[in-house]
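Below is one structure, written out as structure tokens, with a few remarks after it.
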Amino acid sequence: MAVKIVVASAAYMQYAGAVCDLIRISAQQRGTGIVGRTPEYLADKIKSGKAVIALDNNKVVGFSYIETWSHGMFVANSGLVVDLDYRYSGLARRIKKNIFMLSRKLYPKAKIFSITTGLAVMKINSDLGFVPVTFSELTRDIEFWKGCEGCKNFDILQRNDHKVCLCTGLMFDPEKPRRPKLNKILIVPQKLPWRFIFERPVIFIKHLIRRQRLLRKRSALHKQIQRNNNLT
Ligand SMILES: CC(C)(COP(=O)(O)OP(=O)(O)OC[C@H]1O[C@@H](n2cnc3c(N)ncnc32)[C@H](O)[C@@H]1OP(=O)(O)O)[C@@H](O)C(=O)NCCC(=O)NCCS
């Protein structure tokens, strides 16, 4: 599976229908949480370069797009979707990273946020430097909240005056980039004493391999967070 992720442009307009279908089917499966958009709306996002598309040859297998609110003060990375057959392979992570970088490039001063009930998005955004916030920190732009009208929990949001709902708000604020708390993100175990190599050789070697793997992962994460912060 060689999935490539492209920044959309007018050259990718023919995929708008397929993206729309992917979002609709996923929303039906999930029952909540994804805002349905018309092909025209998505085509406009694609044409204006405010989206990323994951393509396996010519098949659309993932998507996300950028929306701006409160006159560009807030940016939302919306419509994240991955084809059912391509899930749990890290594709959403790749799409999110790409749409996040694109948002930072196009709107370097904007606060980037999302609202979600999904653990996957919470994990990915958190690794990108997002922090949980209450709805009071998000855009008050009424058009954004209108997007929740299709959600089955909309009555809860309405009852709470748009201040509380089942979704968690996550925000990346370029003014306050989160300092990497690497030890908290990835706990790397201490080195075992050398005597273990004679006493428990299998455990020692397994521990060493795991430690090396976690150190490599931590270093990659560190570089990614630094890159995100440097984009400010
Ligand atoms: C949510 C979605 C985009 C995840 O796509 P994916 O490509 O499977 O995600 P990834 O493989 O990149 O996984 C990223 C992380 O989330 C976890 N994850 C993925 N799907 C998950 C799920 N349904 N529940 C809990 N955790 C999940 C993965 O285990 C991984 O965690 P790890 O890095 O700690 O191992 C996909 O399931 C989807 O399209 N769902 C329907 C649309 C949707 O819900 N969109 C989000 C709207 S807010």
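Odds and ends about this structure:
- Checking every residue in the range 100-121 against the condition of being over 25 Å from Tyr41 (Cα atoms) and touching a residue at least 40 places away in the same chain (Cβ under 8 Å) gives zero matches.
- Of all the numbered requirements in (1) modelled with pLDDT of 95 or more; (2) among the β-branched types (Val, Ile, Thr); (3) more than 21 Å from Cys20 (Cα to Cα), Ile95 misses one, and that requirement is (3).
- Any hit, the range 196-206, residues being in the same structural domain as Val61 (by TED's automatic domain parsing), surrounded by 14 or more Cβ atoms within 10 Å (Cβ to Cβ) and assigned to a helix (DSSP H, G or I): no
- Within the range 76-116, no residue satisfies the criterion of being among the polar types (S, T, N, Q), in contact with a Leu (Cβ under 6 Å, 6 or more places away or on another chain) and farther than 19 Å from Arg37 by Cα.
- Filtering Arg87, Arg94 for residues that are among the basic types (Lys, Arg) and under 12 Å from the mean Cα position of the chain (by Cα) leaves a single hit, Arg94.
- Of all residues in the range 188-204 being of a type in the set (A, V, I, L, M) and more than 25 Å from Leu221 (Cβ to Cβ), the one that is farthest from the chain's Cα centre (by Cα): Ile197
- Trp145 fulfils the conditions (1) modelled with pLDDT of 85 or more; (2) outside any helix (DSSP H, G or I) except for a single criterion, (2).
- The residue of the range 170-195 that is modelled with the lowest pLDDT, among those that are assigned to a loop (DSSP other than H, G, I, E, B) and among the charged types (D, E, K, R), is Lys181.
- Condition check for Phe74: closer than 14 Å to Gly147 by Cβ and either of a type in the set (A, V, I, L, M, F, W, C) or surrounded by 18 or more Cβ atoms within 10 Å (Cβ to Cβ) (or both): yes
- Taken over the range 79-102, the criterion of being out of contact with any Gly (no Cβ under 8 Å at 6 or more places or on another chain) and acidic (Asp, Glu) is satisfied by Asp85 alone.
- The residue that is farthest from the ligand (Cβ to nearest atom), among those in the range 113-132 that are in contact with a Gly (Cβ under 7 Å, 6 or more places away or on another chain) and part of a loop (DSSP other than H, G, I, E, B), is Thr117.
- Number of residues in the range 81-112 that are within 15 Å of the ligand (Cβ to nearest atom) and either closer than 25 Å to Asp56 by Cα or not assigned by TED's automatic domain parsing to the domain that holds Ser26 (or both) equals 20.
- Pairs where the first residue, in the range 153-166, is farther than 18 Å from Ala27 by Cβ and of a type in the set (Val, Ile, Thr) and the second is part of a helix (DSSP H, G or I) and modelled with pLDDT of 90 or more, C-beta under 8 Å, 6+ apart: Val164/Phe135; Val164/Ile156; Val164/Leu157
The values are calculated or read from the model by the stated rules, or taken from the named source; none is laboratory data. This one's a predicted model, so the numbers in the text were calculated from it and none came from an experiment. Cβ atoms come from the backbone with ideal geometry, glycine included; neighbour counts cover every protein chain shown.
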